[in-house]
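Trainee: After the C-alpha cells below, expect a handful of questions from me.
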Amino acid sequence: MRMVRRLLDLAGVGGERVHLQWVSSAEAQRFADIARNAVESVRELGPLDRSGLQMEIEACAMTLNGETLRWLVGKEVRITSKGDVYGRLWAVEKYESVLNNMLEREYQKNLIYLAVKEGRSSVRDISNRTGLGLKRVSYLLADLEKTKRVEFKGMKDRKPMFAAL
C-alpha cells in the first residue's frame, strides 16, 4: 500500500487518494464509517485531472506491472527474515529504501519511454515533457537503450535524438 501511495505521489496524482482497510462482514457500521471518511477525504482533494495526468498514470501502471518491482517485492520477506544469497540479513528499512529507489527509477524510465513514444526525441524535449532534469533523462535513456526500449537515431543540430522501439 505504501508503495502505491509513493508511486501516486511521484506521478502527481496524490497517494492520499488511495484507501485500504480490512473490514469483516460483521462490521457494518465500521464499513460505513470507513467508506464515509474515504469519500470525504477524496472529495476534499478535489477532482482528478485525468487527461492532464494520462502519461503519468500510464507510467504508474507500467511500473506496477513491471518484472523488476514484482521480483523485489516477492523477495522482501525472504531477504529480511532469512537473508540474501550471501546469508546477510537485511533490515526492513534498508530493503524498503532499495525498493523505493527502484520504484522511482522504474517509474521515471517508464515516463521517459512514454514521452519518447509520444514523439519527444531530444533530451531537452523529454526533460520538458516529464519534468525530470536533463542529467537524469540522459542517464535513464542510456538504461532504456541497453534494454532495447529506445534507440539512438542520430544527431540533429548537435543534439542526440531518440525513438521508441
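Yes or no, residue by residue, for (1) in the same structural domain as G15 (by TED's automatic domain parsing); (2) exposed (fewer than 12 other Cβ atoms within 10 Å of the Cβ); (3) β-branched (V, I, T); (4) within 14 Å of the chain's Cα centre (by Cα):
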{"position": "C60", "(1), (2), (3), (4)": "no, no, no, yes"}
{"position": "W90", "(1), (2), (3), (4)": "no, no, no, no"}
{"position": "E96", "(1), (2), (3), (4)": "no, no, no, no"}
{"position": "M102", "(1), (2), (3), (4)": "no, no, no, yes"}
{"position": "Y107", "(1), (2), (3), (4)": "no, no, no, yes"}
{"position": "V123", "(1), (2), (3), (4)": "no, no, yes, no"}
{"position": "N128", "(1), (2), (3), (4)": "no, no, no, no"}
{"position": "L141", "(1), (2), (3), (4)": "no, no, no, no"}
{"position": "L144", "(1), (2), (3), (4)": "no, no, no, no"}
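Trainee: Which pairs do you get when a residue that is free of Cβ contacts under 8 Å to residues at least 12 places away in the same chain, found in the stretch 144-162, comes within reach of a residue that is assigned to a helix (DSSP H, G or I), reach meaning Cβ atoms under 9 angstrom, with the pair 6+ apart or on two chains?
Mentor: T147/K109; F152/L141; F152/E145
Trainee: Among the residues of the stretch 3-48 satisfying the criterion of being in contact (Cβ under 8 Å) with a residue 40 or more places away in the chain and on the phi < 0 side of the Ramachandran plot, which is surrounded by the most Cβ atoms within 10 Å (Cβ to Cβ)?
Mentor: Filtering the stretch 3-48 for residues in contact (Cβ under 8 Å) with a residue 40 or more places away in the chain gives 3-4, 6-8, 10-13.
Okay, now just the ones that are also on the phi < 0 side of the Ramachandran plot, so 3-4, 6-8, 10-11, 13.
Working: M3: 17, V4: 14, R6: 17, L7: 24, L8: 19, L10: 19, A11: 19, V13: 20.
Applying the filter and picking the extreme gives L7.
Trainee: Among the residues of the stretch 1-57, which ones are touching a helix residue (DSSP H, G or I) at 6+ places or on another chain (Cβ under 6 Å) and of a type in the set (D, E)?
Mentor: Within the stretch 1-57, D9, E56 qualify.
The values are calculated or read from the model by the stated rules, or taken from the named source; none is laboratory data. Worth saying up front: this structure is predicted, and the values here are computed from it rather than measured. With ideal geometry, Cβ positions are generated from the backbone for all residues, glycine too; neighbour counts draw on all protein chains shown.
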